[in-house]
1. Restricting things to Cα coordinates, could you compute the convex hull volume per residue of segment 145-200 in Å³?
2. Too long at a 25 Å Cα-Cα cut-off: which of 38/197; 11/104; 49/167; 6/194; 30/197; 49/194?
3. In nm, to one decimal, how far is the modelled label at residue 18 from the one at residue 30, with both set 7 Å along Cα→Cβ?
4. By the scheme Lys and Arg +1, Asp and Glu -1, what is the net charge of all other residues having a beta-carbon under 12 Å from that of residue 33?
5. If you take every residue apart from residue 177 with its C-beta less than 13 Å away from the C-beta of residue 177, what net charge results, scoring Lys and Arg +1 and Asp and Glu -1?
6. Cα-based Rg (one decimal) and Dmax (whole number) for segment 86-200, in Å?
7. Rounded to the nearest whole Å², what accessible area per residue is found for segment 94-200 with the 1.4 Å probe?
Amino acid sequence: MSAREKLNELKDLWGLRTDNELADYLGITKFALDNWVKRDKISNEWLLKIGQMTENKLTPSDADMYFIRKTTSVKASAGGGNEIDDIKAYETGRLMPISRAFFKTPPKKELNAIEISGESMLPMLHDGDWVIFCDDGEFRGDGLYVVNFSGQLMAKVLQLSPKGELKIISVNPNFASYEIDINETQEHFRIIGKVIKSIV
């Protein structure tokens, strides 16, 4: 679907008649809207914002988009304080449209998206950023993960040492990091899924 077709679809969806009305609705200038049409491209940032405005009203048959589940009504803390028992219990039923061009290769598994809250991952992640992750509960090598730590949903860097110790790292040095034995059953720690994309 071209940028022009996408904008026309949005006008139909929101009951707008002209590009000027659409620009006003989005809070941008008509000139910016014209540039999207001229380049035949809407930025990933704006696709995300439009998705948040439309929720799941856009059609999943759109061949140029992936529609990723917003899996929880609370934010993943990059610090602490968001208690959650099971991420599935907080599914919103809403979808976030993301351009297929945002991914180098098609995702092999169903993806989920969650908003970040807090400052412990600065400068990697900021409050209000989004992460896209695969909700499979597996450790898939060092990297950024969404985890449940002591009943709190967090975004943390996980790094496995040669001794089998899993480091749970806060990028911001003003916040604590932790270590656990990955081979032991962890009552207070559970991997939700590895982050494959960040939207900052």
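1. 97
2. 38/197; 11/104; 49/167; 6/194; 30/197
3. It works out to 0.6 nm between the two label points.
4. After counting each charged neighbour, the total is +2.
5. Net charge around residue 177: 0.
6. Every Cα atom of segment 86-200 included, Rg and Dmax give 14.3, 41 Å.
7. 52
The values are calculated or read from the model by the stated rules, or taken from the named source; none is laboratory data. What you see is a predicted model, and the numbers here were worked out from it, not measured in a lab. No Cβ is skipped: glycine too gets one built from the backbone with ideal geometry, and neighbour counts run over all protein chains shown. Areas reflect the complete protein model, heavy atoms only, side chains present, ligands, DNA and RNA absent. Shrake-Rupley method; radii C 1.70, N 1.55, O 1.52, S 1.80 Å.
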